[in-house]
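Please read the structure below before turning to the comments.
The values are calculated or read from the model by the stated rules, or taken from the named source; none is laboratory data. For clarity, every value in this text was computed on a predicted model and none was experimentally measured. Quick reminder, even Gly has a Cβ in these numbers, built from the backbone with ideal geometry, and neighbours come from all protein chains shown. Calculation scope for accessible area: heavy atoms of the full protein, side chains included, ligands and nucleic acids excluded. Shrake-Rupley method; radii C 1.70, N 1.55, O 1.52, S 1.80 Å.
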Amino acid sequence: MIDETLTMIPGPTPVHPRILDALARPTVSHVAPVFVEAFKSALADFKKLCQSSLGQPFIVAGSGTLAMEMALVNSVAPGEPILVVSQGYFGDRWGDLAAAFGIPCDVLRAEWGRAVPAGEVAARLASKTYSAVTVTHVDTSTGTCAPVEAYAGLLKGREELFILDGVCATGGVDEPCDSWGVDILLTGAQKAIAAPPGLALCLFSPRAMEKRKSRSSVPAYYADILRWLPIMEDPSRYFATPPVNEIVSLAEALRLLHSEGLPARFARHRRLASAVRAGLTALGLEYVTEESSRADTLSVLRYPEGVVDLAFRKEAASRGVVFAGGLGPIAGKAFRFGHMGNIGTGEVARALTVIEESLRAAGISIVPGTALAAAAPFHSA
Ligand SMILES: Cc1ncc(COP(=O)(O)O)c(C=O)c1O
């Protein structure tokens, strides 16, 4: 699936024609039977993606940031402490959110490009009990994939609610919520699920639902899950008008995802990520992320000496592929290459070729075909 300009940023990601066709279908009433069926299908398939049999899914108009807010405001009361395990910009965002709702938080922060070792989390949990622990599965600012399974082992049987931000992971990296004991998984539609942007998705475990029900109110109206629960249980009911076209397209995206199957989808992301790593390393590019923590959904690379960020990305865009710039301390010093969702060998090969050509245009001497030659063994794997 190759379109005109290939957007290889860490979301939004390229949207499959089948999903665009669903998005473009005429807008129907939000209580029309055909829409109610699509909403039910999206909820069921999202829950299946989370590998959860007991969790309660929520899909509302918004973005990943709203899903973060829904997760926090419904599960932690003002004054209750949380522990934030941060591997970058989006991990740090929990601190801002907590401050906005009067929630004290301790932050375990890793150097950019590194993951917080499970041992540090264990030590912190040994010294203090929190109301919740927030973990960013893949931090899109650093390309760091957290050792979530190890953290899950530490949190098993403890009081803390386990909140997992899967915005840059869900749909591309395995997230067995029930077996990991995740209490709240949150994500957006526009990354590895590869639907158009505009939807916030959350899955609440029975324990997290109980926590919300134990509180008479929360400092939120639209983000209050108890206002949405009747709609998620019966989408023909009303609280606020759902984004009809987006939900119909999400339903199609989740159908496509499950037709591939989770093990195959995660294996494809692993294979493509290996091809990308081989290609970029052969070009002499240095990863921002330590080798053991590199995510399968994106790569974050430092520029070689003399390569100017805007000029490089402009050159790449003129060749038809769009990459993202760095955030925070690596802005202007690195670029981010998203490789997730409904993409394959063709898109990765095109992106690698354009990176090689754009580096050559910036004066870096590279033998033509270097990246593809290094990536080839992974494409045929
Ligand atoms: C890990 C992570 N969390 C949260 C967000 C916020 O999501 P959104 O931009 O959809 O509000 C992002 C966005 O890139 C993200 O990568």
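Dividing the Cα radius of gyration by the Kirkwood radius, what Rg/Rh value follows for the range 269-310? Walk me through the numbers before you get to the answer.
Values: Rg = 10.8 Å, Rh = 11.0 Å.
Radius of gyration over Kirkwood radius for the range 269-310 works out to 0.98.
What relative contact order, as a whole-number percentage, does the chain give when Cα pairs under 8 Å and 6 or more residues apart are counted? Kindly include the intermediate steps, with their values, before the conclusion.
Numbers: 792 pairs, mean separation 93.1, N = 381.
For the chain, the relative contact order is 24 percent.
Hey, how many Å between the Cα centroid of the range 289-317 and the Cα centroid of the range 10-88?
29
For the chain, just run the numbers: alpha carbon Rg, then divide by 2.2 N^0.38 Å, N being how many residues it has. Please report the intermediate quantities before stating the final value.
Details: Rg = 20.8 Å, N = 381, 2.2 N^0.38 = 21.0 Å.
In units of the 2.2 N^0.38 Å rule of thumb, it is 0.99.
I'd like the orientation of helix 64-75 relative to the chain: the angle between its Cα long axis and the longest Cα principal axis, in ° from 0 to 90, rounded to 10.
Helix 64-75 sits at roughly 30 degrees to that axis.
What number, rounded to the nearest 500 deg cm²/dmol, is the helix-based mean residue ellipticity at 222 nm of the chain, given -39500 (n - 2.57) per DSSP H run of at least four residues and division by all its residues? Could you put the intermediate results ahead of the total?
Working: 14 runs with 162 residues, N = 381.
Using -39500 (n - 2.57) per qualifying helix, the result is -13000 deg cm²/dmol.
When all C-alpha to C-alpha distances in the range 166-301 are sorted into bins of 5 Å, what percent of pairs does each bin hold, rounded to whole numbers?
2, 8, 14, 17, 18, 14, 11, 7, 5, 3, 1, 0
At 0.36 nm per residue, minus the direct Cα-Cα distance, what do Ser318 and Lys48 gain on full extension? Give it in nm, one decimal, please. It would help to have the intermediate numbers written out before the result.
On the way: separation 270, 0.36 × 270 = 97.20 nm, distance 3.99 nm.
Once the chain is fully extended between Ser318 and Lys48, it gains 93.2 nm.
Antiparallel as a % of all DSSP beta bridges within the range 17-260, to the nearest 5?
Antiparallel bridges make up about 40 percent of those DSSP assigns within the range 17-260.
Would you calculate the separation in nanometres between label points at Glu4 and Ala267, each defined as 7 Å from the Cα along the Cα-to-beta-carbon direction?
Distance between label points: 3.7 nm.
Can you classify the range 58-102 as rounded, prolate or oblate using the Cα gyration tensor, where a ≥ b ≥ c are the square roots of its eigenvalues, rounded means a/c under 1.5, and otherwise it's prolate if a/b beats b/c and oblate if not?
On the way: a/c = 2.10, a/b = 1.17, b/c = 1.80.
Judged from the Cα gyration tensor, the range 58-102 comes out oblate (a/c at least 1.5, b/c at or above a/b).
Helix 309-318 against the longest principal axis of the chain: what's the angle in degrees, Cα atoms only, rounded to the nearest 10?
Between the helix axis and the principal axis of the chain, the angle is about 80 degrees.
Only sites in a loop by DSSP and with at most 12 other Cβ atoms within 10 Å count here; which chymotrypsin sites (Phe, Trp or Tyr not before Pro) in the range 220-279 make the cut?
Numbers: sites: Tyr221, Tyr222, Trp228, Tyr238, Phe239, Phe266; in loops: Tyr221, Tyr222, Tyr238, Phe239.
Filter output for the range 220-279: Tyr221, Tyr238.
If the chain between Ala32 and Arg18 were fully stretched, how many nm would it gain, using 0.36 nm times the residue separation less the Cα-Cα distance?
Values: separation 14, 0.36 × 14 = 5.04 nm, distance 2.16 nm.
Once the chain is fully extended between Ala32 and Arg18, it gains 2.9 nm.
Rounded to the nearest 0.05, what FRET efficiency do Ser259 and Thr129 give with R0 = 45 Å and r taken as the Cβ-Cβ distance? Could you check? Before the final figure, lay out the partial values.
Details: r = 44 Å, r/R0 = 0.97.
It comes out at approximately 0.55.
For Lys314, go through the lysines and keep the ones whose alpha-carbon is under 23 Å away, minus same-chain ones fewer than eight residues off.
List returned: Lys191, Lys333.
Treating only the Cα positions of the range 211-264 as identical point scatterers, give the base-10 log of I(q)/I(0) from the Debye formula at each q in 0.12, 0.25, 0.29 Å⁻¹.
Rounded to two decimals, the profile gives -0.45, -0.98, -1.11.
Within the accessible area of the range 17-260, what % is carbon and sulfur when the probe is 1.4 Å and the other protein chains stay in place? Please report the intermediate quantities before stating the final value.
Numbers: 4830 of 8670 Å².
About 56 percent, which is the carbon plus sulfur part of the accessible surface.
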